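In what follows, a structure is listed as structure tokens, so that the remarks can point back to it.
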Amino acid sequence: MAAVAAATVVGVCLTVGSASAGTLSGSLYRDPSSAVVRWVAANPGDSRTAVIRDKIASQPQARWFANFNPSTVQSEVSGHIGAANAAQQIPVLAVYEITNRDCGGASAGGAPDLNQYQTWVSNFARGLGNQTVIIILETDSLALLTCLSSGEISARNEAISTATRTIKSANPNAKVYLDGGHSTWNSAGETANRLRAAGVQYADGFFTNVSNYNSTSGEANFGRNVISALNGMGISGKRQVIDTSRNGGASGDWCGDDNTDRRIGQYPTTSTGDSNIDAYLWVKPPGEADGCRYTAGSFQPDLAFSLANGAPNPPTTAPPTTTPPTTTPPTTTPPTTTPPTTPPPNSSPPTGDGCYADVAVNQWAEGFTATVTVTAGKSDINGWKVTVELPAGAAVTGTWNAQASGTSGTVQFTNVSYNGRVAGRQSTTFGFQGTGTGPGRIAVCVG
């Protein structure tokens, strides 16, 4: 799918300048490969494009790391951080990998167990570099505990505390914020208790309102009460960041997939004018679904347009320092690293037309993740199918960048809309997670 020029994709960019309060200053990083930027690039003639481009795609948003991919997460993080550092901007990374996340709800998933979670976090932290980076650590992990036993809550608290210290040790300039829920969930006192139990003393503060719609003023007041409660516990110097990505209109029902009364809120900035608040961020990317009407995390242009239409224009400043991609990677939270242009070592690329599939498996005691590289032959392919033979007792539990037919035995994976076309001698990737023993190295590809 052809991309358009950078000037067509982005109308205005983020606010640049020093913070008037809080502990952060500088401009936030706008990822040129985000789902909304890719959609704008691919749909220049859509009637919604101008509004989505100018009011959403122009803005810095968090990059989510939400897949259990311990073998590749370091390189994914390093690539993202490197681009942000080159742009001299502050990246926002949302870590969403805790075991039993979302209590098995619409965004279920995460690491298979907490030991493997720490392995993933250690690899994640090694990619962070040494410059300022904002880490939103595990949305809902402390506000939503209803599915956990007391022992599981204690284990989660220890895991989050350890993760915070691991990240801080790897990059002392990382700003780490823990889950503070939001102002219409748990009380400020209860929120402070949960933050303390999860090691907020090692973090820079807490975040609130991620994926929610409460007003900025209400969240700020709630944050002051949480900070006051923490001060009363002897934990001082903690600050708040607020997700303002969708709180410019109606509040209420948590799911925004069907609500047309929502609007984007305050544009992302580190200049908050409030000494308790380090930043207003777009943690939940506007236009990504909540999991009610659409698949959780998928980008939906009608949702983006509903949020942006009628919202104020953002401040106009200098154009972005990076350009949009010329390919169309995935639109949700699965891995989005640039695929290799040649197959991995020891594989045999096709000599004629068609395609070749090579499988790399990361195995642990009770399950596995598999990354499959699909490489075109000498000619372009427009659509591919990969057949994988799973050993007895193995089953697929999740897939990204492809659609799966079946879960055990012979499983067929088919491209999705954004990665079906692969140029000659080029590659794309997809992956899946499962229980039992992973598949062999070679799969059958038809293109």
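One line per residue, one yes/no per condition, for (1) touching a residue at least 12 places away in the same chain (Cβ under 8 Å); (2) closer than 29 Å to P312 by Cβ:
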site	(1), (2)
K168	yes, no
N171	yes, no
G234	no, no
G237	no, no
D243	yes, yes
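Just one of (1) under 15 Å from the mean Cα position of the chain (by Cα); (2) modelled with pLDDT under 95 fails for Q74. It is (2).
Search segment 31-63 for residues being closer than 19 Å to I135 by Cα and modelled with pLDDT of 95 or more, and hand back the single one that is surrounded by the fewest Cβ atoms within 10 Å (Cβ to Cβ). Looking at the filtered set, the residue picked out is R63. Filtered by the rule that a residue be out of contact with any Pro (no Cβ under 6 Å at 6 or more places or on another chain), small (G, A, S) and buried (at least 17 other Cβ atoms within 10 Å of the Cβ), segment 421-435 gives G431, G434. Scan segment 411-446 residue by residue and report those that are of a type in the set (A, V, I, L, M, F, W, C), in a loop (DSSP other than H, G, I, E, B) and closer than 27 Å to G110 by Cβ. Selection gives V416 alone. The one condition from (1) within 14 Å of R30 (Cβ to Cβ); (2) not in a loop (DSSP other than H, G, I, E, B) that Q88 does not meet is (2). Residues that are closer than 18 Å to W64 by Cα, aliphatic (A, V, I, L, M) and either in a loop (DSSP other than H, G, I, E, B) or not assigned by TED's automatic domain parsing to the domain that holds A106 (or both) within segment 256-315 comprise V283, A289, A296, listed in sequence order. Go through the residues of segment 280-295 one by one and say whether even a single one is at pLDDT 95 or above, surrounded by fewer than 22 Cβ atoms within 10 Å (Cβ to Cβ) and not basic (K, R). No - not one qualifying residue is present in segment 280-295. Being assigned to a loop (DSSP other than H, G, I, E, B), touching a strand residue (DSSP E or B) at 6+ places or on another chain (Cβ under 6 Å) and among the small types (G, A, S) is the requirement here; does S408 meet it? For S408, the condition - assigned to a loop (DSSP other than H, G, I, E, B), touching a strand residue (DSSP E or B) at 6+ places or on another chain (Cβ under 6 Å) and among the small types (G, A, S) - is met. Every condition in (1) of a type in the set (G, A, S); (2) in a helix (DSSP H, G or I); (3) surrounded by fewer than 24 Cβ atoms within 10 Å (Cβ to Cβ) holds for A192 except the one numbered (3).
Tallying residues that are surrounded by fewer than 19 Cβ atoms within 10 Å (Cβ to Cβ), among the small types (G, A, S) and under 23 Å from H80 (Cβ atoms) within segment 105-128 yields 1.
Checking L93, L142 one by one, the residue that is aliphatic (A, V, I, L, M), assigned to a loop (DSSP other than H, G, I, E, B) and closer than 16 Å to D204 by Cβ is L142 and no other.
The values are calculated or read from the model by the stated rules, or taken from the named source; none is laboratory data. These numbers come from a predicted model, not from an experiment. Please note: Cβ atoms are built from the backbone with ideal geometry, for glycine as well, and neighbour counts cover all protein chains shown.
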